[in-house]
Amino acid sequence: MKKVLISLFVLLAVTMQVYAATWTAKDRVATVGKQILTKNKITTSITFKVVEGVADNSESAKTKIINISTDDLQYAGNDNEVAAVISNELGHIICCHTDKAKVRNLILGSTTDPNNTIANAANSSFVTSKISQKEEEEADVTGVNLMITAGYNPLALIVWVTKQPGSTMDILKSRPNNFDRAMVTFKYLTYAYPSKVKAGYSCQEYRTFLAAAEPAMKKLTKTKRKVAKFNKEQQKLIDERKADLERYKANGGLNGWGITYDWLTTKEETK
């Protein structure tokens with residue numbers, strides 16, 4: 001019996017070494033992506049494509065192709081973290097961020113001509129080519145919902161976020177990278193899926209994050225008033241993200257921002 005156990009241990013060790021040597025994040029995108037789509041009952045006609053640099057998904061509703069950037073995949077060390085990358089990108093699409101960005105870029109490209117009709121809309125803080133912190137947080141929360149339904153560990157999204165380069169403020173406060181962004185996801189999971197938080201995630205990056213997150217959570221829930229405010233905010237997130245996903249499924253990815261973009265471009269071509 002002892003010899004059998006030793007043999008099994010050796011076989012397991014060899015198998016793990018072979019897997020570690022051959023596993024690459026980009027090779028797992030198609031499989032993990034299909035799992036996310038299938039389990040969340042999103043059309044499986046969508047395919048995934050790994051691209052270099054920024055992933056432009058502004059035409060995903062038409063092409064049914066979702067680009068996944070190698071820049072993001074470089075921070076993924078297992079299937080759970082690949083799921084985090086894909087789910088975050090899907091989150092941006094579901095929350096209409098990609099179509100909002102198209103309209104932003106169209107307006108920005110039109111502001112050089114003072115007589116351009118589109119330029120009249122440019123006097124707004126809306127006009128920026130960058131994804132905002134709030135949009136990243138919305139995509140993250142949408143993403144963890146997708147991950148949970150697909151059977152992946154949602155805490156991997158927190159790990160993936162904190163692996164990415166942070167700000168000087170994070171360093172000055174001795175916090176994990178992108179701590180504020182990661183905390184939005186952690187607070188949401190604590191409220192909506194406490195069992196997932198309790199189950200944990202076995203890696204040093206998560207342990208480092210948890211050391212800073214737990215004291216922050218205690219401050220947020222120190223009094224009944226703070227608890228009530230916390231619960232109200234998290235329930236609002238649940239309702240908003242659920243509505244976004246239902247709308248995305250119902251409309252096949254089409255939304256008001258995309259329609260606005262098509263109307264604006266048609267108007268300018270006609271002019």
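The values are calculated or read from the model by the stated rules, or taken from the named source; none is laboratory data. Owing to the predicted nature of the structure, the values given are computational and were not obtained by experimental measurement. Cβ: placed from backbone, ideal geometry, glycine included. Neighbour counts: every protein chain shown.
Answer with yes or no whether N57 is at negative phi and modelled with pLDDT under 95. Steps first, answer last, please.
Values: at negative phi: yes; modelled with pLDDT under 95: yes.
Yes, satisfied.
Which is more than 18 Å from the chain's Cα centre (by Cα) and of a type outside the set (K, R), of T47, T31, T43?
Selected residue: T43, the only one of T47, T31, T43 that is more than 18 Å from the chain's Cα centre (by Cα) and of a type outside the set (K, R).
Of all the residues that make up segment 53-103, how many are part of a loop (DSSP other than H, G, I, E, B) and more than 11 Å from the chain's Cα centre (by Cα)? Step through it out loud before you land on a result.
To start, the set of residues in segment 53-103 that are part of a loop (DSSP other than H, G, I, E, B) comprises 53-59, 64, 74-78, 95-96.
Retained after the next criterion (residues that are more than 11 Å from the chain's Cα centre (by Cα)): 53-59, 64, 74-78, 96.
Of the residues in that region, 14 qualify.
Looking at segment 145-165, which of its residues are surrounded by fewer than 20 Cβ atoms within 10 Å (Cβ to Cβ) and closer than 18 Å to E135 by Cβ?
Of everything in segment 145-165, just one residue is surrounded by fewer than 20 Cβ atoms within 10 Å (Cβ to Cβ) and closer than 18 Å to E135 by Cβ, namely Q164.
Could we say that T38 is surrounded by fewer than 18 Cβ atoms within 10 Å (Cβ to Cβ) and assigned to a helix (DSSP H, G or I) here? Working first, answer last.
Details: surrounded by fewer than 18 Cβ atoms within 10 Å (Cβ to Cβ): yes; assigned to a helix (DSSP H, G or I): yes.
Yes, satisfied.
T117 versus (1) modelled with pLDDT of 90 or more; (2) farther than 25 Å from D79 by Cβ; (3) β-branched (V, I, T): which is the lone unmet condition?
Here T117 clears every test but (1).
Filter segment 141-192 down to residues that are at pLDDT below 95 and in a helix (DSSP H, G or I) and give me whichever is farthest from V29 (Cα to Cα).
L172
I need the full set of residues from segment 60-78 which are farther than 30 Å from S202 by Cβ, touching a strand residue (DSSP E or B) at 6+ places or on another chain (Cβ under 8 Å) and either of a type outside the set (S, T, N, Q) or touching a residue at least 24 places away in the same chain (Cβ under 8 Å) (or both), in order please.
At the first step, the residues of segment 60-78 found to be farther than 30 Å from S202 by Cβ are 60-65, 67.
From the residues that got through so far, the ones that are touching a strand residue (DSSP E or B) at 6+ places or on another chain (Cβ under 8 Å) too are 60, 64-65, 67.
The answer is S60, K64, I65.
I'm trying to understand the selection: among the residues of segment 131-140, which are small (G, A, S) and in a loop (DSSP other than H, G, I, E, B)? Steps first, answer last, please.
Our first condition is that a residue be small (G, A, S); within segment 131-140, this holds for 132, 139.
Answer for segment 131-140, where residues must be small (G, A, S) and in a loop (DSSP other than H, G, I, E, B): just S132.
Take Y248 and tell me if it is in a helix (DSSP H, G or I), modelled with pLDDT under 95, within 27 Å of N80 (Cα to Cα) and of a type outside the set (V, I, T). First the steps, then the outcome.
Details: in a helix (DSSP H, G or I): yes; modelled with pLDDT under 95: yes; within 27 Å of N80 (Cα to Cα): yes; of a type outside the set (V, I, T): yes.
Taking the combined requirement at face value, the residue satisfies it.
Residues that are modelled with pLDDT under 95 and of a type in the set (D, E, K, R): does segment 1-8 have at least one? Write out each step before concluding.
Within segment 1-8, the subset modelled with pLDDT under 95 is 1-8.
With the extra rule that they be of a type in the set (D, E, K, R), the set shrinks to 2-3.
Yes, that holds for at least one residue.
Please enumerate the residues belonging to segment 216-237 that are small (G, A, S) and farther than 15 Å from V184 by Cβ. Quick ask: steps written out before the conclusion?
The initial filter retains those residues of segment 216-237 that are small (G, A, S), namely 216, 228.
If the condition is that a residue be small (G, A, S) and farther than 15 Å from V184 by Cβ, then A228 is the only one that fits.
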